[in-house]
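Below: the structure, in structure tokens.
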Amino acid sequence: MLKNIEVTQDLLDYIYKHTKPLHHVQKDILIHNKNLGEVQRMQIAETQAHFLQLIIKINNVKNCLEIGTFTGFSALSMALALPDDGKVITLDHDEKIIKIAKNFFKKADLERKIETIVAPATDSLKKIALVKQKFDLIFIDADKGNYINYYESCLDLTSKRSLIIFDNVLWHGDVYKKSVTDKQTNIMRDFNKFIKDDKRIEKFILPIGDGLTVCRKL
């Protein structure tokens, strides 16, 4: 049986040195987030950003929806990979954080590709459903307690073979540890089981960053 290698910071640094460099505004966001303290963990990993960009290009994605904007790293990363007529709609309830993200989008000259909506995501999803808008890729990185609700709403916003991707599904590596029984870890365990048992999609968990579940609608 083949053994997986341990992904250390030194190995990640090596990977980044041998990968396409980040856009200068992506780098600016990373620098900004380093000064935010503990909340910087809300940002996706660089490896995840590269993965999203590759997925967008391989699948000729044009329309993306994001739930959970934070300071804009993931939305900007996706927008950079989209064709000229592509678009990202990103949802977040925090007006202050959206303002920061929009400044980065403007700095990267990507405002035309990224639409921000400030409101509770559940409300925004209902409004989007009313206009019957469909997305090729949906990336979800928001409050974990609503993951199943977001998933159910997003299934109706996608067509066959569209992708729905969730972040943080390994929850700091705690989901498999029987000794860890806190509320947030159990929420992620319940979500992972729900997705595992759902026959409407095919899915796989990728152990990059804090774990990505990639779902493909059947």
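The values are calculated or read from the model by the stated rules, or taken from the named source; none is laboratory data. Values in this document were obtained by computation on a predicted structure and should not be read as measured data. Ideal geometry is used to build each Cβ from the backbone, glycine not excepted, and the neighbour counts take in all protein chains shown. Only protein heavy atoms, including side chains, enter the accessible area calculation; ligands, DNA and RNA are left aside. Shrake-Rupley method; radii C 1.70, N 1.55, O 1.52, S 1.80 Å.
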ask   = How many residues does the stretch 1-22 contain that are assigned to a loop (DSSP other than H, G, I, E, B), open to solvent by 100 Å² or more (accessible area, probe 1.4 Å) and within 16 Å of P207 (Cβ to Cβ)?
value = 5
key: All strands (runs of 3 or more DSSP E) inside the stretch 110-173 with 3 or more residues being closer than 19 Å to I195 by Cβ   = 135-140, 158-167
key: Set T69, T90: member being in a loop (DSSP other than H, G, I, E, B), of a type in the set (S, T, Y) and surrounded by 21 or more Cβ atoms within 10 Å (Cβ to Cβ)   = T69
query = Tally time: how many residues in the stretch 174-185 are among the small types (G, A, S) and open to solvent by less than 30 Å² (accessible area, probe 1.4 Å)?
reply = 0
inquiry  = of a type outside the set (K, R), over 25 Å from F135 (Cα atoms), outside any loop (DSSP other than H, G, I, E, B) and over 15 Å from the mean Cα position of the chain (by Cα): is that true of I29 in this structure?
reply    = yes
inquiry  = What are the pairs with Cβ atoms under 7 angstrom where one residue, in the stretch 184-201, is outside any helix (DSSP H, G or I) and the other, located anywhere, is open to solvent by less than 40 Å² (accessible area, probe 1.4 Å) and modelled with pLDDT of 95 or more? Sequence gap at least six, or different chains.
reply    = R200/L155; I201/C215
query = If you scan the stretch 111-164, which residues turn out to be closer than 12 Å to G68 by Cβ, aliphatic (A, V, I, L, M) and open to solvent by less than 20 Å² (accessible area, probe 1.4 Å)?
reply = A121, I138, I140
key: Criterion (modelled with pLDDT under 95, more than 19 Å from the chain's Cα centre (by Cα) and closer than 30 Å to S153 by Cβ) met by exactly one of L12, L36   = L36
